[in-house]
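Participant: For reference, the structure I am asking about is given below.
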Ligand SMILES: CSC[C@@H](O)[C@@H](O)C(=O)COP(=O)(O)O
Ligand SMILES: [Zn+2]
């Protein structure tokens, strides 16, 4: 479902508060966007605290990332637009900086992905109806060059078992969905899966001691 700007703006302000309350958008980190009914995009203004957004914290950009309203769009707007281009069914993109997602990306320093297996929570991802599934979370190295991230991650995103999400190493997590609710559900499920596996590691270490 594509939204009108005013509706998208209010929804993005609310999602910003929820994600901040989970500790996934500390300082000024994170950015959010929604595809609009006229083909443009609502995106967070760069440098704002995403838990304290007001109407001035959301702006419109065109498909090339050019500002259509006042403000400087998120520094990562190009990554949002790359997801919309790659997945025409995606209508919302969320990006957070949780400590646990960043921790995972750094712990597996050379890995191009992390695989979740056997969790009931996998059913939160679109198209998955059993815990007997494997979902791959692609991981790409960080860069200040958005085009470099975009081209490095593109092949992994089209694999059949790829989550509608990816991790940028030492940086944070991206998720997307048919609408903002689905993008939030994917982000929340991915964060939960990372947290559950982190807890599992702690228990296993305790048993080994
Ligand atoms: C705390 S700085 C984080 C930024 O460099 C960036 O990664 C980020 O997520 C927010 O950038 P923004 O330009 O506000 O959308
Ligand atoms: Zn970021």
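Bear in mind that the values in this text are calculations on the coordinates, not laboratory data. Note that the structure is a prediction, hence the values are computed from the model and not measured. We place every Cβ from the backbone using ideal geometry, glycine too, and count neighbours over all the protein chains shown.
Participant: How many percent of all Cα-Cα pairs in the chain sit more than 22 Å apart? Numbers along the way, then the final one.
Facilitator: Working: 10031 of 21736 pairs.
Tail of the P(r) past 22 Å holds 46 percent of the pairs.
Participant: Please work out the Cα convex hull volume for segment 49-126 and give it in Å³ per residue.
Facilitator: 159
Participant: What is the distance, in nm, between label points placed 7 Å from the Cα along the Cα-to-Cβ direction at residue 1 and at residue 205?
Facilitator: For residue 1 paired with residue 205, the spin-label model returns 4.3 nm.
Participant: Based on other C-beta atoms within 10 Å, arrange 28, 77, 190 from fewest to most. Please list the in-between numbers first.
Facilitator: Values: 28 15, 77 24, 190 28.
Taking fewest neighbouring Cβ atoms as first place, the list is 28, 77, 190.
Participant: When only C-alpha pairs under 8 Å and at least 6 residues apart count, what is the relative contact order of the chain, in percent?
Facilitator: Dividing the mean separation by the residue count of the chain yields 19 percent.
Participant: Now, a different point. Within 10 Å of each residue's Cβ, count the other Cβ atoms and sort 192, 114, 24 from fewest upward. All intermediate terms of the calculation are to be shown ahead of the outcome.
Facilitator: Working: 192 14, 114 21, 24 25.
So the ranking, lowest neighbour count to highest, is 192, 114, 24.
Participant: When the helix-only estimate is applied to the chain (DSSP H runs of n ≥ 4, each -39,500 (n - 2.57), divided by the residue count), what is the mean residue ellipticity at 222 nm, nearest 500 deg cm²/dmol?
Facilitator: After summing the helix terms and dividing by the residues of the chain, the value is -12000 deg cm²/dmol.
Participant: Full extension from residue 196 to residue 117: what is 0.36 nm times the residue separation minus their Cα-Cα distance, to one decimal in nm?
Facilitator: That works out to 27.3 nm of additional length.
Participant: Now for a different question. With axes computed from alpha carbons, what is the tilt in degrees of helix 180-208 against the longest principal axis of the chain, rounded to the nearest 10 within 0 to 90?
Facilitator: 30
Participant: Can I ask one more? So if I take the centroid of the Cα atoms in segment 187-209 and the same for segment 82-108, what is the distance between those two points in Å?
Facilitator: The two parts, judged by their Cα centres, are 20 Å apart.
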